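First up is the structure itself, then whatever we jot down about it.
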Amino acid sequence: MKTTLQVKILPTQKQAETLLATMRQFNTACDYISEIAFREKCFSKFALHKIVYYDVKERFSLSAQIVIRAIAKTIDAYKLNKKSQRTFQKYGAIVYDQRIYSLKANNRVSLWTLNGREIMPIVFGNYQKKKWHQRKGQAQLVYKDSNFYLLISVETEEMPPVDTSGYLGVDLGIEKIAACSNGMEFSGKVIDACREKYQKTRAALQTKSTKAAKRKLRKIRNKESNFRKHINHVISKRIVESATRSCSAIVLEDLKGIRKQMKARKQQRSRMHGWSFFQLRQFITYKAILAGIPVEIINPAYTSQRCSSCGHTSKKNRKSQAEFVCMSCGCSDNADHNASKNIAVLGHVNRPPLNSRSRDNKDQILGNCVIA
């Protein structure tokens with residue numbers, strides 16, 4: 001499986017200015033190529049190459065290979081939507097291939113820039129060091145929060161499929177980020193505390209509206225999302241480890257479109273829209289694939305209303321957010337835990353191919369996961 005390692009680049013002040021100038025020029029070239037592609041309705045990489053290659057190379061003073069990368073980036077953008085002209089951010093990512101970048105001695109990188117090749121130090125942690133020998137193919141130069149990063153593709157070995165003997169149902173929620181059918185659960189209180197903290201900080205800084213306040217807002221912009229990402233990594237790791245120990249397939253809910261169905265008061269909207277269930281699902285999926293654990297996605301309809309003991313389904317069974325009491329058999333349980341057991345049963349009823357995985361489905365779920 002292809003995954004991505006993130007390493008930080010430490011350029012000098014002059015090199016940083018050169019990288020920013022290169023990114024501006026590259027994305028300006030992409031805008032120019034996009035204008036021509038949209039006007040001519042030409043969305044084939046090879047056909048567009050014949051139209052714009054020499055013009056772009058001369059007009060923007062780019063090397064041959066970087067022009068090819070700009071054309072490829074433009075065509076990739078039109079794969080999603082050909083009805084409107086695509087534009088690119090001023091400091092959007094540059095995709096480097098092996099002709100225009102190279103890694104030297106595991107602690108330096110050589111990148112093509114407008115001023116020629118620049119060699120800069122890079123830093124990374126122990127996890128990246130373990131994966132370093134698996135690097136392969138392209139890398140992306142990105143600029144985020146005044147820092148430069150290189151996103152390097154690596155080929156990560158997948159474990160052979162595990163011969164599973166059971167199903168681990170996982171109910172995703174807000175009060176409990178995840179509740180598992182084996183009794184393991186993860187509270188959402190730490191996420192709520194973080195959200196409330198940054199919400200109050202943002203409100204106070206936006207009220208001041210000074211230059212210092214705006215600088216502070218930019219500084220904390222991504223801290224909450226980074227915290228959520230870290231929590232989701234921790235939770236997904238523990239869920240996959242638990243499934244591996246018990247030789248169980250993981251069963252997850254398909255929550256696509258759930259926000260359109262949810263009704264929430266104004267005070268609760270930020271909490272609802274800050275729910276990162278899809279990211280958690282992505283993390284569980286790719287970690288499970290690496291461990292050889294199958295993942296089944298099921299329709300979650302009525303899993304919160306159905307009694308996991310007798311099967312009786314009714315809205316009245318759900319007494320409150322946390323309390324579930326069956327109106328038929330009187331079985332009492334935590335509502336999220338009851339739902340997770342129903343999810344596990346659905347995985348068993350659907351009988352997924354435990355020892356085979358669909359490549360198309362896996363690629364659709366994973367997207368571009370950065371794992372470091």
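Residues in region 212-224 that are closer than 17 Å to Ser146 by Cα and part of a helix (DSSP H, G or I): Ala212, Lys214, Arg215, Lys216, Leu217, Arg218, Lys219, Ile220, Lys223. The set of residues from region 180-197 being surrounded by fewer than 16 Cβ atoms within 10 Å (Cβ to Cβ) and in a helix (DSSP H, G or I) comprises Lys189, Val190, Asp192, Ala193, Glu196, Lys197. Report yes if Met159 is closer than 30 Å to Gln98 by Cα, out of contact with any His (no Cβ under 8 Å at 6 or more places or on another chain), hydrophobic (A, V, I, L, M, F, W, C) and surrounded by fewer than 18 Cβ atoms within 10 Å (Cβ to Cβ), otherwise no. Taking the combined requirement at face value, the residue satisfies it. Please determine whether any residue of region 42-64 is under 20 Å from Arg117 (Cα atoms), free of Cβ contacts under 8 Å to residues at least 40 places away in the same chain and acidic (Asp, Glu). Scanning region 42-64 turns up at least one residue that is under 20 Å from Arg117 (Cα atoms), free of Cβ contacts under 8 Å to residues at least 40 places away in the same chain and acidic (Asp, Glu). Test Asp55 against the criterion of being closer than 20 Å to Gln25 by Cα and within 21 Å of the chain's Cα centre (by Cα), and give yes or no. For Asp55, the condition - closer than 20 Å to Gln25 by Cα and within 21 Å of the chain's Cα centre (by Cα) - is not met.
Only one of the numbered conditions (1) out of contact with any helix residue (DSSP H, G or I) (no Cβ under 9 Å at 6 or more places or on another chain); (2) under 21 Å from Ala16 (Cα atoms) is not met by His133, and that is (2). For region 116-134, taking the residues that are of a type outside the set (D, E, K, R) and closer than 18 Å to Glu155 by Cβ, the one that is surrounded by the most Cβ atoms within 10 Å (Cβ to Cβ) is identified as Gln128. Assess whether Leu151 counts as being under 24 Å from Ile100 (Cβ atoms) and either among the hydrophobic types (A, V, I, L, M, F, W, C) or over 21 Å from the mean Cα position of the chain (by Cα) (or both). Yes.
Yes/no matrix, rows are residues, columns are (1) modelled with pLDDT under 60; (2) over 23 Å from Arg238 (Cβ atoms):
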{"residue": "Ile250", "(1), (2)": "no, no"}
{"residue": "Glu253", "(1), (2)": "no, no"}
{"residue": "Ile258", "(1), (2)": "no, yes"}
{"residue": "Met262", "(1), (2)": "no, yes"}
{"residue": "Lys266", "(1), (2)": "yes, yes"}
{"residue": "Arg271", "(1), (2)": "no, yes"}
{"residue": "Leu280", "(1), (2)": "no, no"}
{"residue": "Lys287", "(1), (2)": "no, no"}
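Is it the case, given these coordinates, that Glu241 is at pLDDT 90 or above and in a helix (DSSP H, G or I)? Against the criterion (at pLDDT 90 or above and in a helix (DSSP H, G or I)), Glu241 qualifies. The selection criterion, being assigned to a helix (DSSP H, G or I), more than 22 Å from Asp145 (Cα to Cα) and of a type outside the set (Gly, Ala, Ser), does not hold for Val251. The set of residues in region 69-85 that are touching an Asp or Glu at 6+ places or on another chain (Cβ under 9 Å) and over 22 Å from Leu20 (Cβ atoms) contains only Gln85.
Yes/no matrix, rows are residues, columns are (1) modelled with pLDDT of 50 or more; (2) farther than 30 Å from Asn126 by Cβ; (3) part of a helix (DSSP H, G or I):
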residue	(1), (2), (3)
Gly330	yes, yes, no
Asp333	yes, yes, no
Asp336	yes, yes, yes
Asn342	yes, yes, yes
Gly347	yes, yes, yes
Leu354	no, yes, no
Arg357	no, no, no
Lys362	no, no, yes
Ala372	no, no, no
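Could you tell me whether region 104-115 includes any residue that is in contact with a Ser or Thr (Cβ under 8 Å, 6 or more places away or on another chain), buried (at least 18 other Cβ atoms within 10 Å of the Cβ) and more than 30 Å from Glu58 (Cβ to Cβ)? So far as region 104-115 goes, no, none of its residues is in contact with a Ser or Thr (Cβ under 8 Å, 6 or more places away or on another chain), buried (at least 18 other Cβ atoms within 10 Å of the Cβ) and more than 30 Å from Glu58 (Cβ to Cβ).
Of Ile284, Ile293, Ile289, all but one fail to be buried (at least 20 other Cβ atoms within 10 Å of the Cβ) and in contact with a Pro (Cβ under 9 Å, 6 or more places away or on another chain); the exception is Ile293.
The values are calculated or read from the model by the stated rules, or taken from the named source; none is laboratory data. What you see is a predicted model, and the numbers here were worked out from it, not measured in a lab. When we count neighbours, we look across all protein chains shown, and the Cβ atoms used for this are built from the backbone with ideal geometry, even at glycine.
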